[in-house]
1. Tell me the volume per residue, in Å³, of the convex hull enclosing the alpha carbons of the range B:288-446.
2. Between residue A:76 and residue B:259, what FRET efficiency follows from the Cβ-Cβ distance if R0 is 25 Å, with the result rounded to 0.05?
3. Taking Cα centroids, how far is the range B:489-504 from the range B:133-156 in Å?
4. Calculate what fraction, in whole %, of the accessible area of the range A:2-217 sits on carbon and sulfur atoms when a 1.4 Å probe is rolled over the protein chains.
5. Using a 10 Å cut-off around each Cβ of peptide B:229-242, what is the average number of partner chain Cβ atoms that fall inside?
6. Do any of B:438/B:523; A:27/A:48; A:48/B:31; B:39/B:523; B:304/B:523 go past 27 Å between their Cα atoms, and which?
7. If I fit a long axis through the Cα atoms of helix B:580-592 and take the longest principal axis of the Cα atoms of chain B, what angle between them do I get, 0 to 90°, rounded to 10?
8. What list of ³J(HN,Hα) couplings, whole Hz, do you get for the range A:203-216 from phi and the Karplus terms 6.51, -1.76, 1.60, once you set θ to phi - 60° and write x for glycine and proline?
Amino acid sequence: MTPTLIFLGLLMATVVWWLVRQSVNVKPWVASAPSGAHQGVGQLATIKVGLGVFLAVATSLFALFVSAYAIRMELSDWRPLPEPNLLWVNTGILFVGSVGLQWAWRAASREQLRGVKQGLVVGGVCAIAFVIGQLIAWRQLNAAGYFITSNPANAFFYLLTSLHAVHLFGGLVAWFKTITRAWAGSEISSVRLGVELCAVYWHFLLVVWLILFGLLLST
Amino acid sequence: MAQVAHDASAQVGPLEVEDVELYHPKTFIGKYIWSQDAKVIAIQYAITAIAIGLVALVLSVIMRLQLGFPNTFSLIDPSNYLQFVTMHGMIMVIYLLTALFLGGFGNYLIPLMCGARDMVFPYVNMISYWVYLAAVLLLVASFFVPGGPTGAGWTLYPPQAISPGTPGIDGGIILMLVSLALFIVGFTMGGLNYVVTVLQARTRGMTLMRLPLTVWGIFMATVLALLAFPALLVSAIMMLLDRLLGTSFFMPAMISMGEQTAYDGGSPVLFQHLFWFFGHPEVYIVALPAFGIVSDLLSTHARKNIFGYRMMVWAIVAIGALSFIVWAHHMYVSGMNPYFGFFFATTTLIIAVPTAIKVYNWVLTLWRGNIRLNVPMLFAIGFVFTFINGGLTGLFLGNVTVDLPLSDTYFVVAHFHMVMAVSPILVVFGAIYHWYPKITGKMLDDGLGKVHFWITFLGTYAIYYPMHYLGFEGLPRRYYAYGETAFMSESAQDLNAAITIAAIIVAFAQLVFLYNLIRSLTKGKDAGHNPWEATTLEWQTTHTPPRHGNFDELPSVYRWAYDYSVPGAEHDFIPQNVPSEELVAARSEHQEA
């Protein structure tokens, strides 16, 4: 359970630090008129906080899978499977997708709608290409006889890759909403937030994939 | 005691919080069925949770009839008994208590108490309820599939849960796992709302340190649930794959019914780690909202500020953080490394410290308070008693050497029912009696409420106290019948019969409560806006029940939620949205008159 505990430890430390800042030297029993400094509502957009909380939940989920992987790996029947070289290509594609959305984000903050559209297309196409690439990698492994039931290492490989792909699909739904809005020619300010959220989510899934891929390679 | 700061009379600027665009329901269906109003969603959650909870209550009565009077009733066979144990536990812990505290009270109280118009993502909030309902319906469906619901025990330990011979191996276990996965998805949608609403949608002046403890409890419980439920999701997914595709995540090589199964090398202990990594925080997911609500009930009805508010907040946070590093105390008999046992016993005893702080503070809140012994207060005080009793046996079971002989006996059954079944449910009742006037505009009947309280409170002691003795004798849990067991005294069976009679009486007393709930809708006394003379924002709304959007104008908050019996104030309570200059004006008018 170490990976999960490390993640939770960091998260809890953040929560405690935040709470200390909110509560030290505060005398709750003292009445006072509301002032700007006491404003509860943060400066961040609510939807961004929502995404942040969701990413914490998703991180918890992946950390638990990694923990389960680490515990199950110790048992004697574990036979690591060879990673198809295609996975390197897929990793590259996912990286390009992340760069594309970062590009779109930058363009959005500079109010360049063309750049936003280009970046969004790159990000979405790469995500779809990545999922197709993962499916091909599955077929290669299946053809080579690495079935899901034949070894826990295989089972974990299929499970982790599909879980990651499911999260990517969820991102594509948000991406689709953003890109239709961008194409409808609405104001760039109404697209900017969506682009930013997509970019953050794509980066998150890239980091998760890099960790999972590293785990698969090293074991 | 409240002090008035010097800057309290400073000029208050216009409201800085922007009003949000609310969705406007046009039809009956939009208003009450596919509603995005957190208050309606709360009631939907509560009704569904209570309905499925009643099913679990009936299951427990049937089990008690079998245990108390074996060979008398032929209602169930041994398979049914295991199925009912499983469903009773799972429903009560997850589908009733978690859903009711977070989906029910969370949805109703968070926006009102924070001074928000609604949850921040109302559409997602609506979906959350419908996914929860689907999860409940799938669970109920498992009663009707061939083979019935799973009988693996609420912990669903493999290899038992998916081995031939366990009841419900065909459809029941699959439906259970899918239902749990759906519940978690639905909860995550709701949970995002609860957390982000507390963080982002508080009204002007509502600092974190002015939030009522109810909101703190629900907030921290939601954080725990968001982080811990994924562990249950992971174990449910992996067990589903083991069951459906034949992988061996958890399933070891074994011979079942004389045949070698296809499984090989899996680790049942891995499942236990994942399950309890969820399972222990789950205890606090249920307990922390109860802690928060009971703090507010005690303070309001004792007309006294909560003792040690900041300590209470920190205790909630500390309990939440520590609850992630005690999980293996549920696994002392799993054959783990003894050093681990030492570690987890230590953390278990440490978590008792913030918990004890809370208990002391509740008692000190009552001390020299102007106690109004109404029904919500009775339930709140009943909770403190029961929680102390159940908590103390937790210290027994938290120690490895004491736990080993007591593990899997009725002592454990008695412990967890006292601490995480009866205690939270007493708070649920107290909270319903407390907030029903705001939700419906009518008071619940006081006399019926007191009958309900005394039968429930004393009755649960009649049920669970004797179970401690049965546990000491070594009576194992989850057995359909005990027969002539040599180590058990003959009187053990008499005790079991007495427990069953008490259980039936308590179960029927709940009908009084249901009758009261329904009758008071039409025949109850009008409640007015603030029948308990409480300070928190939900009691300061212009309309009772609050309309869509909660407040006519978003309130500004000037003080914490605990200004009761403030010396010099005209009334013995000062609502959170009353500025100090109004008080001063009221006082001088009073003196002139």
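The values are calculated or read from the model by the stated rules, or taken from the named source; none is laboratory data. What you see is a predicted model; the values in this text were computed from it and never measured. Don't worry about glycine lacking a Cβ; one is built from the backbone with ideal geometry, like all the others, and counts go over all protein chains shown. With ligands, DNA and RNA removed, areas are computed over all heavy atoms of the protein, side chains included. Shrake-Rupley method; radii C 1.70, N 1.55, O 1.52, S 1.80 Å.
1. Working: hull volume 18.4 nm³, N = 159.
Enclosed volume per residue, from the Cα hull, is 116 Å³.
2. That gives a FRET efficiency of 0.60.
3. 29
4. 68
5. That average works out to 4.
6. A:27/A:48; A:48/B:31; B:304/B:523
7. Helix B:580-592 sits roughly 60 degrees off the main axis of chain B.
8. 4, 4, 5, 5, 4, 4, 5, 4, 5, 5, 5, x, 5, 5
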